[in-house]
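S.K.: The structure follows.
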Amino acid sequence: MTFSLYEAHLPVSDLHRSIEFYESLGLTFDHTVDDRIAFLWIEPGKSWNGVWISEHTNTPYHPSIRNIALTVDIDFLRNAPGWLRERQIEPRAAFGFGPDEPFVMTHTDYAMPNCISMIRMAII
């Protein structure tokens, strides 16, 4: 049996702002539930991200509780800060890296052969 990620969930404080943010990254809005949960496709029909209005947005950030990692090619990774700025998203320093230093966690012992790199964006 082969598995892939179908959905992930993240807490947010402003649902509509979060929808706009993820749409600006290229995700496709699908639907909301009771104006407190929104689902956006990462790959339509394959994987999506759910964002939930939650008091847990006040929990100090740690990648084990608020993190998604997207597979991108190396050229995109190199240009990610400019790509984000084109969408009015200001990159920020994280994990000891500056805002203009996209970083790669290759996991070469575990990654699929066609997985070139992963960009981790800490979204708070």
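Every number in this text was worked out from the coordinates using simple rules, so none of it is lab data. The structure presented is a predicted model; accordingly, all values stated were derived computationally and were not measured. Every residue, glycine as well, gets a Cβ built from its backbone with ideal geometry; the counts of neighbours run over all protein chains shown.
S.K.: Would you mind getting me the FRET efficiency between N58 and L25? Use the beta-carbon distance for r and R0 = 25 Å, nearest 0.05.
M.R.: Here the calculated transfer efficiency is 0.60.
S.K.: Here is a further query. Within the range 38-56, list the residues whose amide N lies under 17 Å from a label point set 7 Å along Cα→Cβ of T71.
M.R.: Only 42-49 fall inside the zone, counting backbone N under 17 Å.
S.K.: Right, another one. Can you tell me the length gained on complete extension of the stretch F97 to D34, counting 0.36 nm per residue apart and subtracting the Cα distance?
M.R.: Extending this stretch completely gives an extra 18.8 nm.
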